[in-house]
Amino acid sequence: MTGWRRSVGQAAAVLLALLAATPAAQAHEVRPAYLELKETAPGQFSVLWRTPVLSGMRLPVALKLPDDARNVREPVVQELTDSLVERRWIDAGPAGLSGKRIEFPGLQLTITDVLARVERLDGTHSTELIRPPRPWLEIAAPRGTLATAGVYFAQGVEHILLGVDHLLFVLGLLLIVRTPWMLVKTITAFTVAHSITLAIATLGYAHVPAPPLNAAIALSILFLGPEIARAWRGETSFTIRHPWVVSFAFGLLHGFGFASGLAAIGLPQTDIPLALLMFNVGVEIGQLAFVAVILLLARAFKVLDVRWARPVELVPAYIVGSLGAFWTIQRLVLMAEGG
């Protein structure tokens, strides 16, 4: 095993231990809930409230409108495979919703967010991300394009950093590459590939159903497990010689996964170009931050000349392969059950 690969392997083992100890670590990122308020007449709004459903469980977050808002039509509830959608039509009085507070009971008990978009009668709009520590939205003046871009950027960063399956695939690639230059080529190929399919899927030119997509993403992680072990033993294969090719191929799959996270929010058409750009930038920044942490840890182990027993150095390979196998079986079972 090269010194480069040994140092990266040690860094990976430490990071995997930290991820295992983190309650928020999970195979799927937690998708945000989505609230859209569209003013249709002075003081009157159509309300779209979407809450994610994962493994048949609805996100335990409720929508509480101001007390003086009254329904002008009966609410309509639609159950989808991945979310529950509620549509309401309200009258908030002559002053509308300006200066009023909309609350999200239960949000403070989760690790997800609410993406809220408000469209006013004069054509102005604003987008805001509501987080668990502050589970309410105060309707104020439009925040502008820059603030909206920041919201989607933050969603991209969170998507990659909370999507442990995506991070585990990147980690597997790091454990295979032999040199820093090969690392640059491999990460660049992954970035280009998932950017292509993220754009294609978000713009509506292609769609992959979530169950087989999630199973295929898990399979990509399982695929890397034996390759990491081969690299550690000094053997070679097409993947070890050309990791950037495998990175590009599987990166196309992961791009559809990123797109599902963005599309699940329920984006208005007017926000899609900005959302696509900033979400992708956020994903890239989060991905590069993850790689940087691994490389800094690897550098520290190399400088300190840290050496572990050879069986311990194989732990990252077994963890990557085992989790990939577990998620693959789990998601195939969900497919078979129709979930």
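Eigen-decomposition of the gyration tensor built on the alpha-carbon atoms of segment 151-227 gives equivalent ellipsoid semi-axes of 23, 16, 13 angstrom, largest listed first. Projecting the Cα atoms of Pro75, Val114, Ala147 onto the charge dipole of segment 59-178, computed from C-beta unit charges around the Cα centre, puts Ala147 farthest toward the positive end.
Taking Cα centre as origin and charging only the Cβ of basic (Lys, Arg, +1) and acidic (Asp, Glu, -1) residues, the dipole magnitude of segment 152-243 rounds to 340 debye.
Per-peptide packing, taken as the mean over residues of other Cβ atoms within 10 Å, places 159-168, 318-327 in the sequence 159-168, 318-327 from highest down.
Which shape class applies to segment 163-290: rounded if a/c is under 1.5, otherwise prolate when a/b exceeds b/c and oblate if not, where a ≥ b ≥ c are the square roots of the Cα gyration tensor eigenvalues?
Prolate, since a/c reaches 1.5 and a/b exceeds b/c.
Kindly identify segment 71-160 as rounded, prolate or oblate by the Cα gyration tensor criterion: order the square roots of the eigenvalues as a ≥ b ≥ c, call it rounded if a/c is under 1.5, otherwise compare a/b with b/c, prolate if a/b is larger, else oblate. Judged from the Cα gyration tensor, segment 71-160 comes out oblate (a/c at least 1.5, b/c at or above a/b). Taking the square roots of 5 times each eigenvalue of the Cα gyration tensor of segment 74-221, largest first, gives ellipsoid semi-axes of 38, 19, 16 Å. Straight-distance candidates among the aspartates and glutamates for linking to Lys100, with alpha-carbon spacing under 17 Å and chain neighbours fewer than 8 residues away dropped: Glu36, Glu39, Asp67, Asp68, Asp91, Glu119, Glu128, Glu138.
Every number in this text was worked out from the coordinates using simple rules, so none of it is lab data. Everything quoted here is computed from the prediction, not taken from an experiment. So basically every Cβ, Gly included, is an ideal-geometry build from the backbone, and we count neighbours across all protein chains shown.
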